[in-house]
């Protein structure tokens, strides 16, 4: 199995809740889709072409600030569990990890990881540059990514069209190639049933939402990924500003909803959230969805200061480390689903037990 | 101009014949020309060669429409419909007219207004190499006290920088 301990903070510094609005916003991600001129896009390229693209990227990286020192993985040479592990940790996309039966892993699929920065090679596009930050930090994430993009683009020729912008395999990414997303926890808006209006509003503003793992993933545990829908026709700054303003507004609405909950349903909410904590603390078997939903409750309780002495970082880590591949990794063997549920409950229990002394 | 034969109708066919090395020009109306067996209407090709040329012409028309194939990666519009992905950067030029409409539907716009990208210019690298070489020669010229050469080299470096 791969060793992720070599990564700065295991590649999960973005979970440390140190960023702005860390109690509501888990992380901010910005990615740029780019293709190298002279080669067919990944889906249509021959193995040899993909390997050449990979070699070109590898040769360029030592000169790129922020990625000169990196950890890299040839994703196509990893076992399915290792690939799932990287995906669960948000370090590679589902597409690159080849976890879909219909889209198996491609020769030359690789990832280069620096501190909060990553380059996926031979994803749907030749290059997916991404920056990941803790909390609500769009500008900071984009600034670090833009410098990587500029530097890499001065060494590799990107496919660019004067009218259509940066060219991508999927027409939904063409233009800026920029997708910025904010992973946000909105239990207050869900419980007050305001969420429908907020989500409809997002879509009117040209934004969209997805689940914890981006495109095609379900919303679980009240975690939403809000991102820009379009990539063409607006400049990078405009796209970021719009997302920034709308998410700032959503954060305010969530804060208001939480106040309303406390004011109008104080003891009911308090009881509900402590029960969630109790379940996580003592359950012997937990499915993924159950764990996410109870964790959502406990996260809300910590935000409302109904439960004290539990860090948001611990709760964030539970979200990632209680997933199937992480549990298999911790146990050192592949697990059947029922065993996974037992291992998950055991892991959550042990982690919460370590902080239980200070919980009140 | 009236028909050379009947002298009644306007001449529509201008026939050049060469008989016994003598060039003869005749101006005939459609009726008289037809009577002499001269084809005056542009009909569909009836011969195998004509059919072949006609087919090539149709293909050329198809190549510029949706039914075409990208000259770089070989992808067709049908491939795009199946996968939802273009095959390469050239596809954007090959299917340009359909592209604009598609992008307008997806993004409400078909014109990029963000970062304008300039690909790396190999000349820059060459320039850096030449500059490095000149500097090295300057160093050696100074070391060997060839001051006239050194001054010349220094001027060339200044111009390049």
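Readers should treat all values here as calculations from the given coordinates under stated rules, not as data from a laboratory. None of these values were measured; they are calculated from a predicted model. With ideal geometry, Cβ positions are generated from the backbone for all residues, glycine too; neighbour counts draw on all protein chains shown.
Tabulated results
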| item | result |
| --- | --- |
| Mean separation of Cα contacts under 8 Å, 6 or more apart, over the residue count of the range A:1-81: relative contact order % | 21 percent |
| For the range A:210-288: rounded, prolate or oblate by the Cα gyration tensor [a/c cutoff 1.5] | oblate |
| Shielding by other protein chains, A:25-37, mean Cβ within 10 Å | 1 |
| Scaled radius of gyration (Cα, divided by 2.2 N^0.38 Å) that the range A:254-360 gives | 1.12 |
| Zero-based 10 Å bins, Cα pair distances in chain A, whole percents | 5, 24, 32, 24, 11, 3, 0 |
| Three-way shape call for the range A:51-197 based on the alpha-carbon gyration tensor, with the a/c threshold at 1.5 | prolate |
| Per-residue Cβ neighbour rank within 10 angstrom, fewest leading, B:91, B:73 | B:73, B:91 |
| R0 of 30 Å, Cβ-Cβ distance residue A:308-residue A:5: FRET efficiency to nearest 0.05 | 0.45 |
| Peptide A:153-166 - average C-beta neighbours from other chains (10 Å radius) | 6 |
| Percentage relative contact order, chain A, counting C-alpha pairs under 8 Å, at least six apart | 19 percent |
| Span from the the range B:66-109 Cα centroid across to the the range A:65-116 one, whole angstrom | 28 Å |
| Rounded tilt (10° steps) of A:47-60 against the dominant C-alpha axis of chain A | 80 degrees |
| Expected 222 nm ellipticity per residue - DSSP helices of 4 or more, -39500 (n - 2.57), all of chain A, to 500 | -14000 deg cm²/dmol |
| Debye log10 I(q)/I(0) at q = 0.11, 0.16, 0.19, 0.22 Å⁻¹ for the range A:35-132, Cα point scatterers | -0.28, -0.60, -0.86, -1.14 |
| At q = 0.15, 0.16 Å⁻¹, base-10 log of I(q)/I(0) for the range A:139-292 (Debye sum, equal scatterers on each alpha carbon) | -0.91, -0.98 |
| Between the range A:117-146 and the range A:316-353, the alpha-carbon center distance in angstrom | 28 Å |
| The range A:39-185: relative contact order in percent, alpha carbon pairs under 8 Å with at least 6 residues between | 21 percent |
| Relative exposure of A:349, A:284, judged by other C-beta atoms within 10 Å (fewest first) | A:284, A:349 |
| Viscosity 1.567 mPa s, 4 °C: Kirkwood-radius Stokes-Einstein D of the range A:147-191 over Cα pairs, µm²/s | 98 µm²/s |
| Inter-chain Cβ neighbour average for residues B:91-104, partner chain, 10 Å | 3 |
